[in-house]
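Step one of this worksheet: look at the structure below.
What follows is calculated from the coordinates using simple rules that are stated; it is not laboratory data. Quick caveat, the model's predicted, so the values are computed rather than measured. Quick reminder, even Gly has a Cβ in these numbers, built from the backbone with ideal geometry, and neighbours come from all protein chains shown.
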Amino acid sequence: MSAPITPDNLTVPRKEPAGKPSLIGLSRDAMREALIGMGTPEKQAKMRVGQIWHWLYFRGVTDFGLMTNLSKGFRAELAEVFTLARPEIVTKQVSKDGTRKYLLRIAGGHEVEVVYIPEKNRGTLCVSSQVGCTLTCSFCHTGTQKLVRNLTAGEIVGQILVARDDLNEWENTPFDKRLLSNIVFMGMGEPLYNFDNVRDAIKIAMDPEGISISRRRITLSTSGVVPEIAKTGDEIGCLLAISFHATTDEVRNTLVPINKRWNIDALLDALRNYPRLSNSERITFEYVMLKGVNDSDEDARRLVELIAGIPAKINLIPFNPWPGSPYERSDWKRIEAFGDIVNAAGYASPVRRPRGEDIMAACGQLKSDTERARKSRKQIAEEAGL
Ligand code: SAH
Ligand code: SF4
């Protein structure tokens, strides 16, 4: 064993040049293959993966030089072939309610937003899965930005790493003291249109020898990509939230255009068959409250009829406006009346308190500036086959 490396005797460069693949985001198997590919004997590869995993995801180091239980030579070889780069923080804004919004730059100069929401007994990180979105939900700011690209698994995990860096939360924080305890895929993009990368990233976040956030503390929100829903249960096992938002196909077609491809019936069928459905793992129905559009008593009654038999809770989301948005938020009285009907039918119906509104960090307000020449909504919908 070589002597431990301290910042004074680092032999590997602190910053790797661009263009190398990142170790961050590789599954354990993929990392093992990568190590074998660079000459690590097969017999040792599994152990090396365990060691590197610990440094990356338990200690949060950003420098191969600090991986002190690896030989100097091996560290230098790793640094020749791989990078440990995280997304770069372009700006960080802190809301008066403590919500933090980071604008991150990823490869290609693209930008995504990630939001940290502190609560009393937990802290939730709202991560993005795509730059922009192919879908064009009419109440969503991200929906006005065309899809630029999918995020890689490394870029999705990278959002968690950057937040933990900023919260100074590495190593042994006991779970009940963790500032970042929950993850929701409710940032930019449709996670089920980037399934493999989202799955790989979640698996890394759940790994008990690293970030170690349990699958019950990770929620994936989808607008309703029906064919991927069962896969989400089988291959990821996280909790599911559905952007439901309307109780007739007519209205849902206008709010969530993916409904033209998979309508309310098809979506509910998929949910009834969700592999992990149970009373302790209920599906969250997200319902954005739009004044005069979807917020009547009749809507509330239809909603509970539609979802009958599905273990569920209804999350009422007061609409968050953005510049040029075509809707208004329902009045509080209306939201309460709607919630009362849902409640009386036996469903919890918490109202999601808007967080970070003063920094445009609330649900549906995220949008980065890497927008390309804007296509018409019609063009985008046609390309997405809607
Ligand atoms: N694409 C995924 C996840 C990102 S959106 C999805 O659609 O589910 C996260 C949540 O914010 C969704 O329920 C979405 O419908 C909701 N949302 C979008 N725009 C909003 C807005 N302006 N006000 C309130 N909620 C909004
Ligand atoms: Fe995309 Fe979700 Fe926004 Fe719809 S609500 S445009 S699916 S990010």
Segment 100-177 - Debye-derived log10 I(q)/I(0), Cα point model, q = 0.27 Å⁻¹: -1.33
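Pulled fully out, how much extra length does the chain show between ASP358 and ASP207, if you take 0.36 nm times their separation in residues and subtract their Cα-Cα distance? It would help to have the intermediate numbers written out before the result.
Working: separation 151, 0.36 × 151 = 54.36 nm, distance 3.49 nm.
Going from the current span to full extension adds 50.9 nm.
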Can you order the peptides 186-194, 53-61 by their average number of other Cβ atoms within 10 Å per residue, highest first? 186-194, 53-61
Selection from VAL225, ASN259, VAL162, by position along the positive dipole direction of segment 88-376 (Cβ): VAL162
At the level of C-alpha centres, the distance separating segment 294-324 and segment 217-275, in angstrom, is 14 Å
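Given the peptides 151-161, 272-282, arrange them by the average over their residues of other C-beta atoms within 10 Å, most packed first.
Working: 151-161: 25.8, 272-282: 12.7.
Most protected by this proxy first, the peptides run 151-161, 272-282.
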dims of the chain, Cα set, principal axes, largest to smallest, nearest Å -> 72, 45, 41
Give the calculated FRET efficiency between LYS20 and ARG105 to the nearest 0.05, with a Förster radius of 22 Å applied to their Cβ-Cβ distance. 0.80
Classify segment 16-133 as rounded, prolate or oblate from the Cα gyration tensor: take a ≥ b ≥ c as the square roots of its eigenvalues, call it rounded if a/c is under 1.5, otherwise prolate when a/b beats b/c and oblate if not. prolate
With both partners inside the chain, how many of the DSSP beta bridges are antiparallel, as a percent to the nearest 5? 50 percent
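Compute the Cα gyration tensor for segment 28-81, then decide on rounded, prolate or oblate, letting a ≥ b ≥ c be the square roots of its eigenvalues: rounded whenever a/c is under 1.5, prolate when a/b is larger than b/c in the other cases, and oblate in all that remain. Write down the numbers at each step before the final one.
Working: a/c = 1.75, a/b = 1.27, b/c = 1.38.
Taking the square roots of the gyration eigenvalues as a ≥ b ≥ c, segment 28-81 is oblate.
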On a full-extension model of 0.36 nm per residue, what is the gain between LYS46 and ASN69, subtracting their alpha-carbon distance, rounded to one decimal in nm? 6.8 nm
PRE reach from HIS54 (point 7 Å along Cα→Cβ): which of segment 120-161 fall under 16 Å by backbone N? none
LYS260 and LYS313 label points (each 7 Å along its Cα→Cβ direction) are spaced in nm at 3.5 nm
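Of the listed peptides 94-102, 31-39, what is their order by residue-averaged count of other C-beta atoms within 10 Å, with the highest listed first?
On the way: 94-102: 17.3, 31-39: 15.8.
Going by the mean number of other Cβ atoms within 10 Å, highest first, we get 94-102, 31-39.
Holding the Cα-Cα limit at 18 Å, pick out from LYS203/LYS231; LYS231/LYS313; LYS96/LYS120; LYS291/LYS333 the pairs that are longer than that.
Details: LYS203/LYS231 14 Å; LYS231/LYS313 21 Å; LYS96/LYS120 15 Å; LYS291/LYS333 11 Å.
Those over the limit are LYS231/LYS313.
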Where q = 0.13, 0.20, 0.31 Å⁻¹, what log10 of I(q)/I(0) comes from the Debye formula for segment 260-309, counting one point per Cα? -0.38, -0.85, -1.24
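Under the classification rounded if a/c is under 1.5, otherwise prolate if a/b is larger than b/c and oblate if not, where does segment 126-280 fall, given a ≥ b ≥ c as square roots of the Cα gyration tensor eigenvalues?
On the way: a/c = 2.23, a/b = 1.56, b/c = 1.43.
Prolate, because a/c is 1.5 or more and a/b exceeds b/c.
Per DSSP helix of 4 or more residues, -39500 (n - 2.57); summed, then divided by the residues of the chain. What does that give at 222 nm, rounded to the nearest 500?
Working: 10 runs with 105 residues, N = 386.
Only helices count here, giving -8000 deg cm²/dmol.
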